[in-house]
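Worksheet for the structure shown next.
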Amino acid sequence: MKTRINLYASLFALSVLTGCSSSAIYDSEPTTTEIDNAGVKTAEVESADIEVVPVVADTATVFYFDFDKALLTNESKADLLEHAVILAGNSRSVRLEGHADERGTREYNMALGERRATSVKEFLVMQGVSGDRIEVISFGEERAAAYGSDDEAWRLNRRVELK
Amino acid sequence: MTLFKQFSILLMALLIGNNAYSELVIRVTEGNDKPTVIALSPFDLNGLKMNDNIADIVASDLRRSGLFKLIPQEDMLAFPSTPTDVYFRDWRLLGAEYLVVGSMSVLTDGRYELEFSLLSINSQKIQFTHKVRSSATKIRDLAHSVSDKIYQSITGIRGAFSTRLAYVSVIREGDDFTYRLKVADADGARENLMLESKQPIMSPSWSPDGKELAYVSFETGRPAIFRQNLATASRQQLTNFKGLNGAPSWSPNGENLALVLSKDGNPELYNLELDSGKLTRLTRHFAIDTEPAWMPDGKHILFTSDRGGTPQIYKLKLADRSVERITFQGNYNARASIAPDGRTMAMVHRSSKVFHIAALDLNTRRLIELTETTLDESPSVAPNGAMLMYATKYKDRGILAAVSVDAGVKYNLPAKLGDVREPAWSPFLR
């Protein structure tokens, strides 16, 4: 932004206004402000085409968490064990997308989403899946799965999606 | 100053309503209980035609501050445009404490000049006379400059009407998202698009000269930090690390960017020297460390960490990297925004279940909850320290709202379309 306003005192004395009992008196010279304000231009995004191949499996690919927590539930662990078996039989890479509900601050939720995705990754690695095949990315609260500001929507949004 | 909260919807400031360029509409919901009564005599335009009504813009600015009550034009007995035409008695009868008069003229180079005076009715004196000049297309800037001058003369606080807001707007259609980074005047008018993307845009942070923004964009498929010049739209990707690349915060001298990276395993604060590209790790802890905010002294950085079990605000001393916990009240304190005096810290605060914006006085440790809405986030203190802007939800939509740091004055800027979030109040722009 280019707002440039130069202040300088005017060089001429102002004629002093007197003679009228009800009017005011200048007791200083007026100052001057110069305004030059440039606009704003729009940049272009060259978006990468993000192609994610869906995981073909009967096993759940979404894992849910408690508020401000990244602990895996027993149900999630059972499902992840099945994924570990499937992944042992192929060579594909997976992407773990971590999410948070809308409560709390956006950057903290980015960190929380990553912590959740990392906890899924660590579980898979413990089951023998190579960490190199797993990418972790957090979307924080930017990509809700459910809308609304209630417990059910929040529960569905505190998640990691395996893709 | 004693303030009490008046019942909602006192005033509707209409300045944006008829502006086709803007999608934000301002609604003043609470005001000061003892506003200064001021009269704006319509400026003598000397027959000049202008798209923007200067007096309306000034009136809206003053009204939005919550500190002024304006005398309606229909009550005025005369419309003086110079101090010589003013009969103080008339204005005293109306209860006015101050009067603004002025007249517009065209300079030989085609620019406009407004000469205006602020008069104190009680002391029958001219507080000041000032000339402000602009091209015909910058009448709004001229008007905000008039508001700044009046506000400062009466309150002793520098006016912030000539500043800007950056924010993110999001429109969702099914599974399709459009994220936009926008910049508008502090009153929501003259909205400009800086960047549009199908992938998330987050965390705008102003450079201290007000010429650039740093922000997070997912356009590469992953979060990355960019800087972008407002006037030229030239942009540069600053980071591309594995994991988080987030929460940029421009240092007061403009030379450094504090930011968050998780490339070493978990989120840590780093300092990026913008000229050299040198990256220095600032924190070392297995907990989440995020949301850095420079103190005005440039020697300390406030940040959010859950190293104590819940998210709280800590202060990092750059000289020796020592860390001190700042917040103790409440089970969630995050996203600090510090006033220019280095003393009033705004933050997201939760004491039981609801997230509010609170202000903590770092000297007295007094904490005030400033907002009564829920899901409040992203506080950003104005450069004069008088107000702060934040994001909240209203009827399931993200809106921006403002509150004074003593909670006495409030107004909303709901968007006409979609959600708006993450307001960042610019520094002074001159």
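FYI, it's all coordinate maths here, none of it is from the lab. These numbers come from a predicted model, not from an experiment. All Cβ positions, even for glycine, are placed from backbone atoms using ideal geometry, and neighbour counts span all protein chains on display.
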Checklist entry - Order of B:323-330, B:398-405 by packing, highest average Cβ count within 10 Å first? => result B:398-405, B:323-330
Checklist entry - Quick one: Debye curve from the C-alpha atoms of region A:62-162, no solvent, what's log10 I(q)/I(0) at q = 0.11, 0.17 Å⁻¹? => result -0.31, -0.69
Checklist outcome for this item: Mean Cβ-within-10 Å packing, highest first, puts peptides B:275-281, B:421-427 in the order B:421-427, B:275-281
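Once you've got the Cα coordinates, tell me which of A:Lys163/B:Lys278; B:Lys211/B:Lys410; B:Lys211/B:Lys278; B:Lys69/B:Lys182 are over 24 Å apart.
Details: A:Lys163/B:Lys278 35 Å; B:Lys211/B:Lys410 28 Å; B:Lys211/B:Lys278 22 Å; B:Lys69/B:Lys182 31 Å.
Too far apart for the 24 Å limit: A:Lys163/B:Lys278; B:Lys211/B:Lys410; B:Lys69/B:Lys182.
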Next on the checklist: Taking 4 °C and 1.567 mPa s as the conditions, I'd like the Stokes-Einstein D for the protein assembly as shown in µm²/s, using the Kirkwood hydrodynamic radius from alpha carbon pairs.
Outcome noted: 50 µm²/s
Checklist entry - Hey, how much of the P(r) for chain B falls beyond 30 Å, as a percent of Cα pairs? => result 45 percent
Item to check | Two-site FRET efficiency, B:Val106 against B:Glu173, from Cβ-Cβ distance with R₀ of 41 Å, rounded to 0.05 | outcome: 0.30
Checklist entry - To the nearest whole number, what is the average tally of beta carbon atoms from other chains within 10 Å of the beta carbons of peptide B:371-378? => result 2
Item to check | Whole-Hz couplings from phi, Karplus 6.51/-1.76/1.60, listed for region B:223-231; x for Gly and Pro | outcome: x, 9, 9, 10, 10, 9, 7, 5, 6
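Could you work out the mean count of beta carbons from other protein chains within 10 Å of each residue's beta carbon in B:216-223?
Taking all residues of B:216-223 together, the mean is 6.
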Checklist entry - What is the magnitude of the charge dipole of chain B about its Cα centre, with +1 placed on the Cβ of each Lys and Arg, -1 on the Cβ of each Asp and Glu, and no other charges, expressed in debye to the nearest 20? => result 700 debye
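Using only atoms on other chains, find how many Cβ atoms lie within 10 Å of each Cβ of peptide B:132-144 and report the average.
4
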Item to check | Whole-Å distance, taken between Cα centres, linking region B:347-399 and region B:64-118 | outcome: 36 Å
Checklist entry - Could you give the nm distance between label points at B:Asn331 and B:Asp361, where each point is 7 Å from its Cα heading toward the beta carbon? => result 2.9 nm
Checklist entry - Under a Cβ-Cβ cut-off of 11 Å, what is the net charge of the residues other than B:Thr374 that fall near it, where Lys and Arg count +1 and Asp and Glu count -1? => result 0
Checklist outcome for this item: Mean Cβ-within-10 Å packing, highest first, puts peptides B:153-159, B:204-210, A:144-150 in the order B:204-210, B:153-159, A:144-150
Item to check | Assigned charges on the beta-carbon of Lys, Arg, Asp, Glu; region A:75-163 dipole about Cα centre (debye) | outcome: 280 debye
